[in-house]
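Student: First the structure, then my questions, so here it is.
The values are calculated or read from the model by the stated rules, or taken from the named source; none is laboratory data. This structure is a prediction, so every number in the text was calculated from the model and none was measured. Cβ placement follows ideal geometry from the backbone for every residue including glycine, while neighbour counts extend to all protein chains displayed.
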Amino acid sequence: MTSFVLKKALLIIPSLIALSVIVFFLSKAAPGDRVQMFMTIRGSQLERLSYAQQKQVYAEVYRELGLDKAVFYFNITPRYFPDTLHKVFPTEKKAVMKAWLKATQNREWVNQVFVKQEALVTQLEQLENTSEAPLYQKMATYLKTIHANPDLPEATYIAKTLKDHVAKQSTSLLPKTQEQLNDYLDIFLNSPKKATSLTAFLPKFTWHGTNNQYHQWMVKTLRFDFGISMTDGQPAGKKIKDAFIWTFSYVLIAYLLSLFLSISLGLYTAYYQNKWQDKLISTGSFILYAVPLFWLGTMAIVFLTTDTYGGWLHIFPDIGVGSAFGTMNLFEKLIEGLPHLILPALLLSIHGTASAIRLVRNTAVVELKADYILTARSKGISENRMVFRHLLPNTLLPITTALISGFPGALAGSVVIEVIFNIPGMGRLLFDSIRQLDWSVVFAIVMLLGVLTFIIYLIGDILYAWINPKIKYQSS
């Protein structure tokens, strides 16, 4: 049994690595600028800084967050891409450089025009105190617009417009500034033609080692360091920990209740197969399973938590968790909040039970026709003993399936329940974080739920082998 458990546990490791890679790259593809969000939390006011100062502050935060490192252990890029493209910031600039590189396949030209543009913008903004300040500001805006456009033909059209404007304003511009602008525009408007040689299209493999963003993110994750929340600056791990307490408290209740109801009602309907008891419970479970959880929750709030339709219907406390707040200890919070979690736990358990009843019932119906049941009845064994001593053990495999799949399902359903009932759990935190683009929290929750799901299914495999030793030997 020990070797079986070890084999199953080792098989989880590749799955966890694959999950971590998927979650990490999803976080990199998420919208929003992490550097800008981080600076907002710190209270940085970039609008008061010059272009050069903004770039310097941005670069410091960019390096602090480790974004100047390669994304993964290796990458495969076109041969004309520079090896240091990952050091380019911000994201918009990197996207424009990639587009222009694909259009020209000439990294020297792309690098040259970007360097000259940045130097020119810095110089033009230093002339804001002169009599021709509006003109210089207009020139700087033209340059920024050109380098914000990934479509090179459109950017070229804007550059031609700027060249005409420079020619018309030649008497108003400083000679040195005019010379630098014309030099930049001559280089930009004479962009090289796309290469046609075969070597330009060959991919390039670059190895970055462990000094990359994924490796550092994974090391921090293993230490339960998920970074900081981009909404309030709190550690993401602390916010998830506080939310997990609420989610786990009522999901566990709902899960155990759902397990009890599905087993008992599934065996009951199988025992009374095709009778009115079976038809009533089966029809009711179909209806409850078909009803969306958000609608069921909304109706429960309207009718069971208020006295709008009569005081006798006000059975459960209001939504939320009462007056529980941060300064309370864990025990005090649970004592205050648990009465408010009874109705959400009931709804979650009912919805989960509705799908599991059929699984237990169908297996029990087959087992009731087996020879060992007929033999047990012929020996005069009581019905209760026959059900609990013989029928139940032989239906444990599908029950275990319901048990294992029920917990991840309950966690998934918690998102809807917590939003509707205003419970400060992981589901509500996930919903709010997605709305607020707080990706540090979002992907930490996704990673945590994935790990929990893997662990639960590992427990399921162990239970299968314990219930039916044939599974253990077949897997060997």
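Student: Out of all the residues in segment 244-265, is one or more surrounded by fewer than 14 Cβ atoms within 10 Å (Cβ to Cβ), outside any helix (DSSP H, G or I) and more than 31 Å from the chain's Cα centre (by Cα)?
Tutor: Scanning segment 244-265, I find no residue that is surrounded by fewer than 14 Cβ atoms within 10 Å (Cβ to Cβ), outside any helix (DSSP H, G or I) and more than 31 Å from the chain's Cα centre (by Cα), so the answer is no.
Student: Between Leu429, Leu437, which is in the same structural domain as Leu256 (by TED's automatic domain parsing), in a loop (DSSP other than H, G, I, E, B), in contact (Cβ under 8 Å) with a residue 40 or more places away in the chain and within 27 Å of Phe38 (Cα to Cα)? Spell out the reasoning first.
Tutor: Details: Leu429 fails: in a loop (DSSP other than H, G, I, E, B).
The match here is Leu437.
Student: Now a separate question. Hey, does segment 370-393 have a residue that's over 23 Å from Ile319 (Cβ atoms), in a helix (DSSP H, G or I) and touching a Lys or Arg at 6+ places or on another chain (Cβ under 7 Å)?
Tutor: Of segment 370-393, the ones over 23 Å from Ile319 (Cβ atoms) are 370-393.
Remaining after also requiring in a helix (DSSP H, G or I): 371-378, 383-393.
If we keep only those that are touching a Lys or Arg at 6+ places or on another chain (Cβ under 7 Å) too, we end up with 386.
Yes: segment 370-393 contains one or more residues that are over 23 Å from Ile319 (Cβ atoms), in a helix (DSSP H, G or I) and touching a Lys or Arg at 6+ places or on another chain (Cβ under 7 Å).
Student: Output the residues belonging to segment 23-36 that are in contact with a helix residue (DSSP H, G or I) (Cβ under 9 Å, 6 or more places away or on another chain) and assigned to a helix (DSSP H, G or I).
Tutor: If we filter segment 23-36 for residues that are in contact with a helix residue (DSSP H, G or I) (Cβ under 9 Å, 6 or more places away or on another chain), which is where we start, we get 23-28, 30-36.
The answer is Val23, Phe24, Phe25, Leu26, Ser27, Lys28, Arg34, Val35, Gln36.
Student: Are any residues in segment 78-124 surrounded by fewer than 16 Cβ atoms within 10 Å (Cβ to Cβ) and of a type in the set (D, E, K, R), and if so, which ones?
Tutor: Arg79, Asp83, Lys87, Glu92, Lys93, Lys94, Lys102, Glu108 - these are the residues of segment 78-124 that are surrounded by fewer than 16 Cβ atoms within 10 Å (Cβ to Cβ) and of a type in the set (D, E, K, R).
Student: May I ask you to say which residue of Ala300, Ala270, Ala324 is assigned to a loop (DSSP other than H, G, I, E, B) and in contact with a Leu (Cβ under 9 Å, 6 or more places away or on another chain)?
Tutor: On the way: Ala300 fails: assigned to a loop (DSSP other than H, G, I, E, B); Ala270 fails: assigned to a loop (DSSP other than H, G, I, E, B).
Result of the check over Ala300, Ala270, Ala324: Ala324.
Student: Residues Ile240, Ile228: which one is closer than 21 Å to Phe431 by Cβ, surrounded by 20 or more Cβ atoms within 10 Å (Cβ to Cβ) and not assigned by TED's automatic domain parsing to the domain that holds Leu338?
Tutor: Working: Ile240 fails: not assigned by TED's automatic domain parsing to the domain that holds Leu338.
The unique qualifying residue is Ile228.
Student: Report the residue count in segment 104-139 for those that are of a type in the set (A, V, I, L, M, F, W, C), without any contact (Cβ under 8 Å) to a residue 60 or more places away in the chain, under 16 Å from Gln169 (Cβ atoms) and not in a loop (DSSP other than H, G, I, E, B).
Tutor: Adding up the residues that qualify gives 4.
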